[in-house]
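Here the structure is laid out as structure tokens; the discussion comes afterwards.
The values are calculated or read from the model by the stated rules, or taken from the named source; none is laboratory data. The structure presented is a predicted model; accordingly, all values stated were derived computationally and were not measured. Neighbour counts run over all protein chains shown; Cβ positions are idealised from the backbone, glycine included.
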Amino acid sequence: MEKWAQLILDFLDEIVQKPTVLIGNSVGSLACVIAASESSRSLVRGLVLLNCAGGMNNKAVVDDWRIKLLLPLLLLVDFLLRQRGIASAIFERVRKRDNLRNILLSVYGNKESVDEELVEIIMEPTNDAGALDAFVSIVTGPPGPNPVQLMPRISLPVLLLWGDQDPFTPLDGPVGKYFSSLPSELTNVSLFVLEGVGHCPHDDRPDLVHEKLLPWLAQLPAS
């Protein structure tokens, strides 16, 4: 996670070269939070977080009864994925088109958004060299910095957009509850819950995202 955040900062510093609003979804949101918390050169002027993840994987979420219930299974999966042959077999099963489609259908509120183009976009990187290693690293590796420690450091304007049908970071889970509480604690944070929307609001219901995002961007102080 820290490496991704540094890549964001390097891109802003070397290419964009002006204060920028960062917009991220899921672990992309977390990478933006890390980048904003570490930026000491006014590279970031605002954050838009769409269903922000609590970490790279479920190891970051330690106080959710659902994770506690699944913990033995998660530990077993970690062990199995460290066996190259087993990891390869699991990866090949996960990356099958029908499996990916079913996973996407479970995380999108608007099922019509899950079309063949989306499935192909998700499938394509699984053909890259190193895809298996990346898969294993994401699932078994460290979760990265916790946003609970990072958000209080950030004084920039922050817009939170959260799909209420998200099975990965549900509003009633610890991550969702934490971010939902922020507007009452931090004056720089605004939250809008998007009804009938899943884990990827920008693709699930872009119209609802734009409805909240564009006015928020328009009222930001000039950089």
task = Could you list, in sequence order, all residues of the range 135-168 that are at pLDDT below 90 and assigned to a loop (DSSP other than H, G, I, E, B)?
result = Gly141, Pro142, Pro143, Gly144, Pro145, Asn146, Phe168
query = Taking Pro201, is it surrounded by 14 or more Cβ atoms within 10 Å (Cβ to Cβ) and in contact with a helix residue (DSSP H, G or I) (Cβ under 7 Å, 6 or more places away or on another chain)?
reply = yes
ask   = Is it the case that Asp128 is in contact with a His (Cβ under 8 Å, 6 or more places away or on another chain) and of a type in the set (Asp, Glu)?
value = no
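On the basis of being outside the structural domain of Leu30 (by TED's automatic domain parsing) and modelled with pLDDT under 90, does Leu118 make the cut?
It is false that Leu118 is outside the structural domain of Leu30 (by TED's automatic domain parsing) and modelled with pLDDT under 90.
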Some residue of the range 188-208 being charged (D, E, K, R) and not in a helix (DSSP H, G or I) = yes
request  = Considering every residue within the range 154-170, establish whether at least one is farther than 27 Å from Ala218 by Cβ, in the same structural domain as Glu112 (by TED's automatic domain parsing), surrounded by 14 or more Cβ atoms within 10 Å (Cβ to Cβ) and of a type in the set (Phe, Trp, Tyr).
outcome  = no
task = Go through the range 80-139 and count every residue that is free of Cβ contacts under 8 Å to residues at least 40 places away in the same chain and more than 25 Å from Gln165 (Cβ to Cβ).
result = 19
message = Every residue in the range 204-223 that is among the hydrophobic types (A, V, I, L, M, F, W, C) and either within 16 Å of Asp166 (Cβ to Cβ) or surrounded by 12 or more Cβ atoms within 10 Å (Cβ to Cβ) (or both), please.
response = Leu208, Val209, Leu213, Trp216, Leu217, Leu220
inquiry  = Every residue in the range 183-223 that is under 19 Å from Val44 (Cβ atoms) and polar (S, T, N, Q), please.
reply    = Thr187, Asn188, Ser190, Gln219, Ser223
